[in-house]
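The values are calculated or read from the model by the stated rules, or taken from the named source; none is laboratory data. The model shown is predicted, which means the values in this text are computed figures rather than measured ones. Because the Cβ atoms are built from the backbone with ideal geometry, glycine has one as well, and the counts that use them run over all protein chains shown.
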């Protein structure tokens with residue numbers, strides 16, 4: 001009976017499911033009815049579900065994103081770092097900026113030779129529509145109680161003090177980003193600083209720079225996930241299919257409203 005039990009456990013170990021969780025488009029903190037983005041709340045919910053199901057032995061994150069907000073990117077990356085099951089990042093076309101932050105949190109990264117990877121850096125965009133509003137005779141008077149309360153308004157140019165404050169905030173986010181990548185990819189500080197130019201690299205160069213582990217596609221990502229989880233026969237569960245169905249349902253709901 002003891003031998004039979006061992007054989008049964010071995011067979012159970014040989015079989016299992018691998019789930020793919022998509023991270024595509026702009027990475028945000030909240031869901032949108034019209035898609036074309038990945039909300040951290042939605043991705044984390046999918047991760048929690050995959051962690052709870054015993055039949056799921058590994059998770060592949062299908063990444064095709066040029067980044068998103070620092071908060072949402074860090075939120076997903078932190079959740080991946082705390083996962084108990086093996087994780088593989090499968091980069092399709094893009095894993096840049098915040099999306100690379102997410103990819104770096106996985107155990108291994110697979111990218112195509114023509115994928116664009118990296119863009120390690122942060123930026124702030126503030127449209128200046130002040131002159132345009134003046135041309136249309138639009139004048140806005142702003143009353144505020146704090147010296148920095150109107151920071152970032154699109155119709156007021158920032159003062160030098162405000163500009164320095166924004167630069168300081170960007171530098172703090174950059175440090176957080178760099179430290180996370182250095183820790184996740186086990187890179188020396190000098191190497192990370194070399195990569196902190198905001199440049200994107202094609203897959204082959206990204207591998208040489210230590211940003212990715214393997215050049216390949218979905219099949220390779222699945223093979224690595226199987227090896228890390230110790231299973232030989234796998235079932236692939238695509239959470240992206242479920243997300244697409246949910247997206248269509250939300251669109252219909254918006255149209256009905």
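Here's the yes/no breakdown for (1) under 14 Å from the mean Cα position of the chain (by Cα); (2) at pLDDT below 95; (3) part of a helix (DSSP H, G or I); (4) surrounded by fewer than 21 Cβ atoms within 10 Å (Cβ to Cβ):
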residue	(1), (2), (3), (4)
10	no, yes, yes, yes
13	no, yes, yes, yes
21	yes, no, no, no
33	no, yes, no, yes
47	yes, no, yes, no
54	no, yes, no, yes
61	yes, no, no, no
80	yes, no, yes, no
89	yes, no, no, no
When you scan region 174-189, do you find a residue that is at pLDDT 85 or above, surrounded by 14 or more Cβ atoms within 10 Å (Cβ to Cβ) and outside any helix (DSSP H, G or I), even just one?
yes
Restricting attention to region 192-217, and to residues there that are touching a helix residue (DSSP H, G or I) at 6+ places or on another chain (Cβ under 8 Å) and not in a loop (DSSP other than H, G, I, E, B), which single residue is nearest to residue 80 (Cα to Cα)?
214
Against the definition (in a loop (DSSP other than H, G, I, E, B) and at pLDDT 55 or above), how does residue 42 come out, yes or no?
no
Among the residues in region 221-236, are any modelled with pLDDT under 85 and crowded, with 16+ Cβ neighbours inside 10 Å?
yes
For the condition closer than 19 Å to residue 19 by Cα, in contact (Cβ under 8 Å) with a residue 12 or more places away in the chain and in contact with a helix residue (DSSP H, G or I) (Cβ under 9 Å, 6 or more places away or on another chain), what is the one hit in 86, 70?
86
Just one of (1) more than 26 Å from residue 209 (Cβ to Cβ); (2) modelled with pLDDT of 90 or more; (3) exposed (fewer than 13 other Cβ atoms within 10 Å of the Cβ) trips up residue 114, so point out which.
(1)
What about residue 93, is it surrounded by fewer than 24 Cβ atoms within 10 Å (Cβ to Cβ), part of a strand (DSSP E or B), in contact (Cβ under 8 Å) with a residue 12 or more places away in the chain and over 13 Å from the mean Cα position of the chain (by Cα)?
yes
